[in-house]
1. For a paramagnetic label modelled at 7 Å from the Cα of K90 toward its Cβ, which residues of region 9-38 fall within the zone defined by backbone nitrogen distances under 19 Å?
2. Tell me the relative contact order for the chain as a rounded percent, counting alpha carbon contacts under 8 Å between residues six or more apart.
3. Using only the alpha carbons of region 1-80, determine the length spanned along each of the three principal axes and report them from longest to shortest in whole angstroms.
4. Quick one: which residues, 5+ away or cross-chain, put their amide H under 5 Å from the amide H of M62? H built at 1.01 Å from N.
5. Could you do me a favour and compute the accessible area per residue for the chain, 1.4 Å probe, result in Å²?
6. Name the residue, out of S74, S101, S31, whose mean-square fluctuation peaks in a Gaussian network model built on the chain with Cα pairs under 10 Å.
7. Give me the number: length gained by fully extending E141 to N190, i.e. 0.36 nm times residue separation minus the C-alpha to C-alpha distance, one decimal in nm.
8. List the extent of the Cα atoms of region 15-128 along each of their three principal axes, largest first, rounded to whole Å.
Amino acid sequence: MSRAKGFISFEGVEGAGKSTQVKLLADFLRSAGHDVIETVEPGGTKIGGEIRKLLLEPRNQMDPLAELLLYYASRAQHVREVIYPAILGKKIVITDRFIDSTVAYQGHARGLDLQIIETLNEIVAPDIKPFLTILLDMDVEEGLRRNRQARKEDRFEMEAVEFHNRVRSGFLQIAREEPERVKVVDASRNTDEVTRVIIDIIKETLGETQ
Ligand code: TMP
């Protein structure tokens with residue numbers, strides 16, 4: 001899988017502030033003259049939006065394999081309809097979650113075979129990997145509290161703290177394995193401080209944005 005230079009992903013545990021930071025980074029890059037697309041998984045397309053509703057509805061009792069395949073159905077549509085065309089058009093794509101979320105949630109936390117996930121990546125998203133991944137890391141209980149205050153309660157927020165701790169350690173393991181791609185940012189600090197750290201990483205990585 002090759003790393004596309006204009007492709008950036010944000011990852012992290014619940015309540016780490018990904019969607020806020022995606023917006024702030026997109027604004028920064030646009031003000032530096034870049035053409036930027038903000039997108040999200042699951043979702044990013046009309047079909048993906050429908051799949052997202054199925055995946056996050058707290059009343060749905062879902063088989064783990066069905067869950068995994070729905071994430072990949074959403075991703076297949078997203079990669080072909082949004083990500084590939086944008087990268088070919090020399091745009092910068094910033095996605096709120098991508099394949100590392102599947103490795104952390106369905107692999108490390110649900111316990112599905114990582115080899116199956118690797119095979120699905122090769123089928124669904126061949127030749128594409130983010131050039132840079134910002135991993136917003138923080139204590140999972142604090143993140144869940146933040147989401148509860150914001151009245152965000154989906155199927156995953158209802159999982160036990162141990163599930164979320166496995167997600168967190170899954171992400172940190174990916175970061176240890178791929179330190180060049182995955183940059184860990186302490187998301188427990190306030191929004192402005194986190195943004196400043198992210199922009200410094202972007203300047204260092206993309207070079208030309210100052
Ligand atoms: P979010 O937009 O609030 O992050 O919600 C998406 C939820 O879906 C979040 O709980 C993480 C989960 N998820 C997976 O379990 N696997 C995946 O591959 C992706 C992209 C998300």
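1. The answer is 29-38.
2. Over the chain, the number comes to 34 percent.
3. That gives 45, 29, 23 Å along the principal axes, largest extent first.
4. none
5. Accessible area per residue, the chain: 49 Å².
6. Most flexible of the set in this elastic network: S31.
7. 16.0 nm
8. Principal-axis extents of region 15-128 (Cα, largest first): 44, 30, 25 Å.
The values are calculated or read from the model by the stated rules, or taken from the named source; none is laboratory data. Treat the numbers as computed from the prediction; the structure is a model and nothing was measured. Glycine gets a Cβ as well: all are built from the backbone with ideal geometry, and neighbour counts include every protein chain shown. Surface areas here come from the heavy atoms of the whole protein model, side chains and all, with no ligands, DNA or RNA. Shrake-Rupley method; radii C 1.70, N 1.55, O 1.52, S 1.80 Å.
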